[in-house]
Amino acid sequence: MSKKKLAPATMDIGISGKQRQQIAQGLSALLADSYTLYLMTHNFHWNVTGPQFNSLHTMFMDQYTEQWTALDLIAERIRALGFPAPGTYKQYAALASIQEVEGVPKANDMVRHLVAAQEATARTARRLFVLVDAVKDQVTADVLTQRIDVHEKTAWMLRSLLE
(Lines give C-alpha, C1' and ligand atoms only; values in the text may rest on other atoms or scores of the structure.)
Protein backbone atom coordinates (compact mmCIF):
# COMPACT_ATOMS: atom_id res chain seq x y z
CA MET A 1 0.00 0.00 0.00
CA SER A 2 1.52 3.32 -1.04
CA LYS A 3 1.24 6.34 1.15
CA LYS A 4 -0.07 9.40 -0.59
CA LYS A 5 1.49 12.67 0.36
CA LEU A 6 -1.22 15.06 1.44
CA ALA A 7 -1.20 18.49 -0.10
CA PRO A 8 -1.13 21.37 2.34
CA ALA A 9 -4.60 22.45 3.30
CA THR A 10 -5.82 25.54 1.54
CA MET A 11 -7.16 28.31 3.67
CA ASP A 12 -10.53 29.85 2.97
CA ILE A 13 -11.57 32.05 5.89
CA GLY A 14 -13.11 34.81 3.81
CA ILE A 15 -9.92 36.88 3.65
CA SER A 16 -7.70 36.56 0.56
CA GLY A 17 -4.14 35.30 0.83
CA LYS A 18 -2.74 38.72 -0.06
CA GLN A 19 -4.89 40.43 2.60
CA ARG A 20 -3.92 37.82 5.20
CA GLN A 21 -0.28 38.41 4.34
CA GLN A 22 -0.65 42.18 4.75
CA ILE A 23 -2.38 41.71 8.10
CA ALA A 24 0.29 39.24 9.22
CA GLN A 25 2.98 41.78 8.27
CA GLY A 26 1.24 44.46 10.33
CA LEU A 27 0.84 42.07 13.25
CA SER A 28 4.53 41.17 12.95
CA ALA A 29 5.42 44.85 13.41
CA LEU A 30 3.08 44.94 16.42
CA LEU A 31 4.73 41.82 17.81
CA ALA A 32 8.17 43.40 17.35
CA ASP A 33 7.12 46.60 19.12
CA SER A 34 5.41 44.59 21.84
CA TYR A 35 8.48 42.42 22.44
CA THR A 36 10.78 45.44 22.48
CA LEU A 37 8.44 47.13 24.97
CA TYR A 38 8.31 43.95 27.07
CA LEU A 39 12.11 43.73 27.20
CA MET A 40 12.48 47.44 28.01
CA THR A 41 9.94 47.19 30.83
CA HIS A 42 11.55 44.08 32.28
CA ASN A 43 14.99 45.70 32.08
CA PHE A 44 13.70 48.76 33.92
CA HIS A 45 12.04 46.53 36.55
CA TRP A 46 15.42 44.96 37.27
CA ASN A 47 17.39 48.20 37.28
CA VAL A 48 15.17 50.93 38.74
CA THR A 49 16.58 52.75 41.79
CA GLY A 50 15.71 55.73 43.90
CA PRO A 51 12.86 56.90 46.12
CA GLN A 52 10.21 55.47 43.77
CA PHE A 53 11.89 52.05 43.68
CA ASN A 54 9.15 49.99 45.31
CA SER A 55 6.22 51.47 43.40
CA LEU A 56 8.00 51.45 40.02
CA HIS A 57 9.48 47.99 40.53
CA THR A 58 5.99 46.62 41.21
CA MET A 59 4.32 48.64 38.43
CA PHE A 60 6.90 47.56 35.87
CA MET A 61 6.40 43.92 36.88
CA ASP A 62 2.65 44.20 36.36
CA GLN A 63 3.26 45.79 32.96
CA TYR A 64 5.81 43.29 31.66
CA THR A 65 3.68 40.37 32.88
CA GLU A 66 0.68 41.68 30.93
CA GLN A 67 2.91 42.32 27.92
CA TRP A 68 4.31 38.78 28.01
CA THR A 69 0.80 37.32 27.73
CA ALA A 70 -0.01 39.65 24.82
CA LEU A 71 3.00 38.43 22.84
CA ASP A 72 1.47 34.98 22.60
CA LEU A 73 -1.91 36.36 21.55
CA ILE A 74 -0.39 38.40 18.72
CA ALA A 75 1.91 35.59 17.51
CA GLU A 76 -0.92 33.07 17.53
CA ARG A 77 -3.10 35.40 15.44
CA ILE A 78 -0.30 35.60 12.85
CA ARG A 79 -0.16 31.79 12.81
CA ALA A 80 -3.95 31.51 12.51
CA LEU A 81 -3.72 33.69 9.39
CA GLY A 82 -1.31 31.14 7.92
CA PHE A 83 2.07 32.84 8.33
CA PRO A 84 5.09 32.28 10.56
CA ALA A 85 5.46 34.67 13.49
CA PRO A 86 8.81 36.44 13.79
CA GLY A 87 10.72 35.25 16.82
CA THR A 88 14.31 36.46 16.75
CA TYR A 89 16.00 39.60 18.03
CA LYS A 90 17.25 40.27 14.49
CA GLN A 91 13.69 40.17 13.13
CA TYR A 92 12.37 42.33 15.96
CA ALA A 93 15.13 44.91 15.47
CA ALA A 94 14.23 45.16 11.77
CA LEU A 95 10.47 45.39 12.38
CA ALA A 96 10.18 47.47 15.56
CA SER A 97 9.51 51.20 15.60
CA ILE A 98 10.86 51.39 19.17
CA GLN A 99 14.56 51.91 19.74
CA GLU A 100 16.37 50.12 22.55
CA VAL A 101 17.52 52.24 25.47
CA GLU A 102 21.25 52.22 26.14
CA GLY A 103 22.54 52.09 29.69
CA VAL A 104 20.45 52.48 32.82
CA PRO A 105 18.41 55.70 32.86
CA LYS A 106 17.22 57.42 36.01
CA ALA A 107 13.76 56.39 37.24
CA ASN A 108 11.85 59.33 35.69
CA ASP A 109 13.68 58.83 32.39
CA MET A 110 12.64 55.17 32.47
CA VAL A 111 9.05 56.32 32.83
CA ARG A 112 9.48 58.74 29.90
CA HIS A 113 10.94 55.98 27.70
CA LEU A 114 8.06 53.69 28.61
CA VAL A 115 5.44 56.35 27.83
CA ALA A 116 6.98 56.82 24.38
CA ALA A 117 7.19 53.04 23.79
CA GLN A 118 3.60 52.46 24.93
CA GLU A 119 2.38 55.20 22.60
CA ALA A 120 4.48 53.86 19.70
CA THR A 121 3.00 50.39 20.18
CA ALA A 122 -0.52 51.84 20.21
CA ARG A 123 0.23 53.69 16.95
CA THR A 124 1.52 50.48 15.34
CA ALA A 125 -1.68 48.67 16.28
CA ARG A 126 -3.89 51.55 15.14
CA ARG A 127 -2.23 51.75 11.69
CA LEU A 128 -3.34 48.20 10.94
CA PHE A 129 -6.99 48.94 11.70
CA VAL A 130 -7.75 50.39 8.24
CA LEU A 131 -6.90 47.14 6.46
CA VAL A 132 -8.43 44.90 9.12
CA ASP A 133 -11.66 46.88 9.04
CA ALA A 134 -11.80 46.89 5.24
CA VAL A 135 -11.62 43.07 5.02
CA LYS A 136 -13.92 42.54 8.02
CA ASP A 137 -11.30 40.68 10.07
CA GLN A 138 -13.13 41.03 13.37
CA VAL A 139 -10.77 38.68 15.22
CA THR A 140 -7.70 40.76 14.46
CA ALA A 141 -9.72 43.94 15.12
CA ASP A 142 -10.52 42.57 18.58
CA VAL A 143 -6.84 41.89 19.26
CA LEU A 144 -5.93 45.40 18.10
CA THR A 145 -8.68 47.04 20.16
CA GLN A 146 -7.53 45.24 23.29
CA ARG A 147 -3.88 46.15 22.71
CA ILE A 148 -4.61 49.82 21.97
CA ASP A 149 -6.70 50.05 25.13
CA VAL A 150 -3.91 48.58 27.28
CA HIS A 151 -1.17 50.73 25.74
CA GLU A 152 -3.11 53.99 25.95
CA LYS A 153 -4.18 53.33 29.54
CA THR A 154 -0.65 52.33 30.57
CA ALA A 155 0.83 55.42 28.88
CA TRP A 156 -1.67 57.61 30.77
CA MET A 157 -0.76 55.99 34.11
CA LEU A 158 2.96 56.38 33.44
CA ARG A 159 2.53 60.02 32.31
CA SER A 160 0.69 60.70 35.58
CA LEU A 161 3.87 59.85 37.46
CA LEU A 162 5.69 62.69 35.72
CA GLU A 163 3.27 65.46 36.73
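Computed quantities for the displayed model
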quantity	calculated
GLU66 vs. criteria of a type in the set (D, E, K, R), more than 20 Å from GLY17 (Cα to Cα) and either under 16 Å from the mean Cα position of the chain (by Cα) or in a helix (DSSP H, G or I) (or both)	yes
Per-region count, the stretch 52-73, residues more than 18 Å from ALA155 (Cβ to Cβ) and touching a residue at least 24 places away in the same chain (Cβ under 8 Å)	4
Near pairs, Cβ below 6 angstrom, 6+ apart or cross-chain, from the stretch 95-113 (of a type in the set (Gly, Ala, Ser)) to any residue that is in a loop (DSSP other than H, G, I, E, B) and surrounded by 19 or more Cβ atoms within 10 Å (Cβ to Cβ)	ALA107/VAL48
Residue check, ARG147 modelled with pLDDT of 95 or more and closer than 30 Å to GLY17 by Cα	yes
Residues of the stretch 17-37 satisfying the condition of being more than 14 Å from the chain's Cα centre (by Cα), more than 11 Å from LEU128 (Cβ to Cβ) and either at pLDDT 95 or above or surrounded by fewer than 20 Cβ atoms within 10 Å (Cβ to Cβ) (or both)	GLY17, LYS18, GLN19, GLN21
Extreme residue, nearest to ILE13 (Cα to Cα), among residues of the stretch 45-79 that are of a type outside the set (A, V, I, L, M, F, W, C) and surrounded by 15 or more Cβ atoms within 10 Å (Cβ to Cβ)	ARG77
Selection status of LEU56, under 11 Å from the mean Cα position of the chain (by Cα), part of a helix (DSSP H, G or I), modelled with pLDDT of 95 or more and not polar (S, T, N, Q)	no
Subset of the stretch 127-163 that is of a type in the set (D, E, K, R) and assigned to a helix (DSSP H, G or I) - its residue that is farthest from LEU30 (Cα to Cα)	ARG159
Residue match in the stretch 20-31 (condition: touching a residue at least 12 places away in the same chain (Cβ under 8 Å) and of a type in the set (Ser, Thr, Tyr))	yes
Residue count for the stretch 95-126, restricted to those that are surrounded by fewer than 18 Cβ atoms within 10 Å (Cβ to Cβ), small (Gly, Ala, Ser) and in a loop (DSSP other than H, G, I, E, B)	2
Enumeration of residues in the stretch 127-138 that are more than 18 Å from ASP33 (Cα to Cα), surrounded by 14 or more Cβ atoms within 10 Å (Cβ to Cβ) and of a type in the set (A, V, I, L, M, F, W, C)	LEU131, VAL132, VAL135
Breaking point among (1) crowded, with 17+ Cβ neighbours inside 10 Å; (2) hydroxyl-bearing (Ser, Thr, Tyr); (3) without any contact (Cβ under 8 Å) to a residue 40 or more places away in the chain, for TYR92	(3)
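The values are calculated or read from the model by the stated rules, or taken from the named source; none is laboratory data. All values derive from a computational prediction rather than experimental measurement. Cβ sites come from the backbone with ideal geometry, for glycine too, and all protein chains shown count toward neighbours.
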